[in-house]
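Sharing a structure, written as structure tokens. Questions coming.
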Amino acid sequence: METTLVIVLTLDSGKKATLKLANPKQGITRAEVMKVVADIIGKNAMDFNGALVAGCEKVYLSKLDTEILA
């Protein structure tokens, strides 16, 4: 099963951006993710076509189970 951490960010332009990170650490918490998002916002570390990250709408884990058919 593949696990992906999905972070939906709000931008100062009013748009949204989605970050998808494969294989996050086991047991990662919302608090840990929000600390990183706060650092991104505080340092203006990410720019999406001129728009900066203003907040975080939601954070979740997506799990995909792939079954090969014979």
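The values are calculated or read from the model by the stated rules, or taken from the named source; none is laboratory data. What you see is a predicted model, and the numbers here were worked out from it, not measured in a lab. Virtual Cβ from ideal backbone geometry, glycine too; neighbours counted across all protein chains shown. Note: accessible area is taken over every heavy atom of the protein model, side chains too, but ligands, DNA and RNA are not part of it. Shrake-Rupley method; radii C 1.70, N 1.55, O 1.52, S 1.80 Å.
Just the residues that are of a type in the set (Val, Ile, Thr) and loosely packed, with under 13 Cβ neighbours inside 10 Å, please, taken from segment 5-35.
Selection gives 18, 29.
Looking at the structure I just gave you, is residue 10 in contact with a Gly (Cβ under 6 Å, 6 or more places away or on another chain) and not small (Gly, Ala, Ser)? Spell out the reasoning first.
Working: in contact with a Gly (Cβ under 6 Å, 6 or more places away or on another chain): yes; not small (Gly, Ala, Ser): yes.
The answer is yes for residue 10.
Any chance segment 37-58 includes a residue that's closer than 18 Å to residue 5 by Cβ, open to solvent by less than 100 Å² (accessible area, probe 1.4 Å) and of a type in the set (Lys, Arg)? So that I can check it myself, show each step before the final result.
Keep residues of segment 37-58 that are closer than 18 Å to residue 5 by Cβ, which gives 37-41, 45-46, 53, 55-58.
Adding the requirement that they be open to solvent by less than 100 Å² (accessible area, probe 1.4 Å) leaves 37-41, 45-46, 53, 55-58.
Going one step further and asking which of them are of a type in the set (Lys, Arg), we end up with 58.
Within segment 37-58, one or more residues are closer than 18 Å to residue 5 by Cβ, open to solvent by less than 100 Å² (accessible area, probe 1.4 Å) and of a type in the set (Lys, Arg).
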